[in-house]
1. What is the sum of charges, Lys and Arg at +1 and Asp and Glu at -1, for the other residues whose Cβ falls under 14 Å from the Cβ of TYR45?
2. Modelling each spin label as a point 7 Å along the Cα-to-Cβ direction, I'd like the GLN43/GLU60 distance in nm, to one decimal.
Amino acid sequence: MREDKLQVREKRDFMSEKRLNNTIFLMYLVTENYRKKYGLSRQEYLQLDKKYKILNYISECPDVFDSMTAMEMVEEVDQYVSEF
């Protein structure tokens, strides 16, 4: 029984790590797609992120971005930023 609980915990930790890795990758993709669309340097993007907390938004709802195309990701960020 204890061994079963350990296996469940290991599986949950693996899924958490997998989700974290996926979220980080999505943050990277969104950043690069947005920078490319608007011709922003990394510093310029980081200034936008500081003002609007774009990366935080992505990390709070990675499932929203998970199945989007590059253009849809940019449009989602544009919509999010326009709400400020």
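Read-outs: derived from the displayed coordinates by stated rules, not from any lab. Keep in mind the model is a prediction, meaning the values are calculated, not measured. Positions of Cβ are generated from backbone atoms using ideal geometry, with glycine treated the same way; all protein chains shown enter the neighbour counts.
1. That sum, taken over residues with Cβ under 14 Å, equals +3.
2. 2.9
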